Amino acid sequence: MPESSACVLVVDDTPTKRYVLSSWLRRAGHRVIEAAGGEEALAVLREQRPDLVILDVLLPGLNGFEVCERIKANPATASIPVIQVSGNAITVADRTEGLERGADAYLAEPIEPSEFAATVEATLRYSRARRRAEVMAGRLAMLAEVTLRINRADSFERLLSVAVQGTVDIMGRRSGALAVPPDGRLRNYRARPGEAPISKSAAPNLLDRLCGLVLGDAAGAEVLTVEAGDWVTLMPDVELSRPVTGVLCRTKKGRPPVFLGLEAAPALDADELNLLLQLAQELALAVDALRAYTEEHTISLTLQRSLLPSRVPDVPGLQMGLRYQPAVDNIEVGGDFYEVLMIDDRVLVAIGDVMGHSLHAATIMAELRHALRASVIDQVDLAASMDLLNKILRRYHPGMTATVCMLLLNPATGEIELANAGHIPPLLAGPQGHYHGLGNLLLGVAAEDYKVEHLVLPPGGTLMLFTDGLVEDRHILLDDSLERARQLAETVEDDLEAFCDRILAAFGSREDDVAFVVLRRDAAQT
């Protein structure tokens, strides 16, 4: 059926008139359905959706005005245009009433065939334009929603799944997407209307072969259509009997492209091609952004871990659990650190947090760690070491602050020297667990006389040190989170690794980095 043809319902109680009107419509290439009365016409409309209704005004039972009102009052049929015709109701008042009660056009008999044909074509043209506009408006609203979902995706699998499902929802056709994440393995997602997206294998060089057809190695977006047989050659595992129209999009030269395609029977019109282009470009931008985020996050974690101790010494009489957990959504390097050093028969443990998330904060953190190490080469004086760190921060990095807690532990006796510069105090774990004091002013603010406290860790006792990333939460008071950590630490597993895992899991993904150190003195010590 040609594009200009339509399905038309002719409603008239006079057989001769129905025949004449239907003949004119058929000669114009339209398909005709006939009804002899108003009730019959409404019954037809419940079963079928014609493109146009030609409606006589003076019908037995329900007249044409009432039938038209019912058509327009029903959301399912309201958009179907109605042309009213009459050989009796031909006054200006009749025509006005017909139009006011929902008719899209009104013809008074006698009707010339050319006038009738022109009115039908004009009404269909307007109706089709209105329907296209309504469909496009709905698709644009869905495009905005799909774009938001694409940009919220936190993994490549989720991103491609959302893009393919969104394309199916908008276009109502089978869809597929191809993209390459940082690991270099081509991802291929497909979906059909009414089905969830699935991941399928694809030849590693498939995108290169598609680029060889239209895009080459240039940046940009290109539309291509591949016949079903040629597409099956490209992807032998696909079952396809229709052409594929898709968009290859590369945001910058040298980057892997993405492909977003649809089954193309019937062929996509200009509006649909424009939507597909927008979807493909949004997908390409989101893939690039997620790829960049993943790469930067990996680099940041590698850098962060390179600034932490490469190995921790084995300390006789002491068990240790150590953790560094990066913030879940932050790709920048943090300033959290820990340090463990053997000094003769004692062990120096330090934990700290430099203000901020940036490369600058990380370099200051590394500087403080190295200064701490240097400060205990000849002799160990925790107050002097803390004073040195404070002077370095104030002289060379004004405006920056840091918290540091350091302790010197003799595993044989349990004796501890402790200096704390504004850090969360150590937590003595166990049934009678408690935090030990508040310490002195944090580093970088002002000159301070740092005090060294003395305490004893009993045989089997466990001491827990952590940065504020573990317990800080925007919606929870810090004191409440600290108390929760204390309660969680009332029970200490035999395996300190399991203990660390349980504490971290209890607080879940964090908005800030977490450094976490647990020390337990062997129970056999006396």
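The values are calculated or read from the model by the stated rules, or taken from the named source; none is laboratory data. From a predicted model like this one, the values you see are computed outputs, not experimental measurements. Glycine gets a Cβ as well: all are built from the backbone with ideal geometry, and neighbour counts include every protein chain shown.
Summary of values
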item	result
Positions within region 184-224 being hydroxyl-bearing (Ser, Thr, Tyr) and surrounded by fewer than 17 Cβ atoms within 10 Å (Cβ to Cβ), in sequence order	SER199, SER201
Complete set of residues in region 72-123 that are over 26 Å from ARG49 (Cα atoms) and acidic (Asp, Glu)	ASP94, GLU109, GLU112
Entirely in region 5-101, the helices (runs of 4 or more DSSP H) that have 1 or more residues that are among the aromatic types (Phe, Trp, Tyr) and over 24 Å from PRO113 (Cβ atoms)	64-73
Region 474-519: number of residues that are surrounded by 16 or more Cβ atoms within 10 Å (Cβ to Cβ), under 24 Å from VAL347 (Cα atoms) and out of contact with any helix residue (DSSP H, G or I) (no Cβ under 8 Å at 6 or more places or on another chain)	5
Residue match in region 165-172 (condition: in contact (Cβ under 8 Å) with a residue 40 or more places away in the chain, surrounded by fewer than 19 Cβ atoms within 10 Å (Cβ to Cβ) and touching a strand residue (DSSP E or B) at 6+ places or on another chain (Cβ under 7 Å))	no
Candidate set: region 437-479, residues that are assigned to a loop (DSSP other than H, G, I, E, B) and of a type in the set (Ser, Thr, Tyr); chosen: the one nearest to PHE507 (Cα to Cα)	THR467
Of the criteria (1) crowded, with 16+ Cβ neighbours inside 10 Å; (2) free of Cβ contacts under 8 Å to residues at least 60 places away in the same chain; (3) closer than 22 Å to ASP169 by Cα; (4) among the hydrophobic types (A, V, I, L, M, F, W, C), which one ALA108 fails	(3)
Flag for VAL53 being touching a Pro at 6+ places or on another chain (Cβ under 8 Å), among the β-branched types (Val, Ile, Thr), within 17 Å of ILE83 (Cα to Cα) and buried (at least 22 other Cβ atoms within 10 Å of the Cβ)	yes
Filter result for LEU273 (assigned by TED's automatic domain parsing to the domain that holds PRO181, within 22 Å of the chain's Cα centre (by Cα), outside any loop (DSSP other than H, G, I, E, B) and modelled with pLDDT of 85 or more)	no
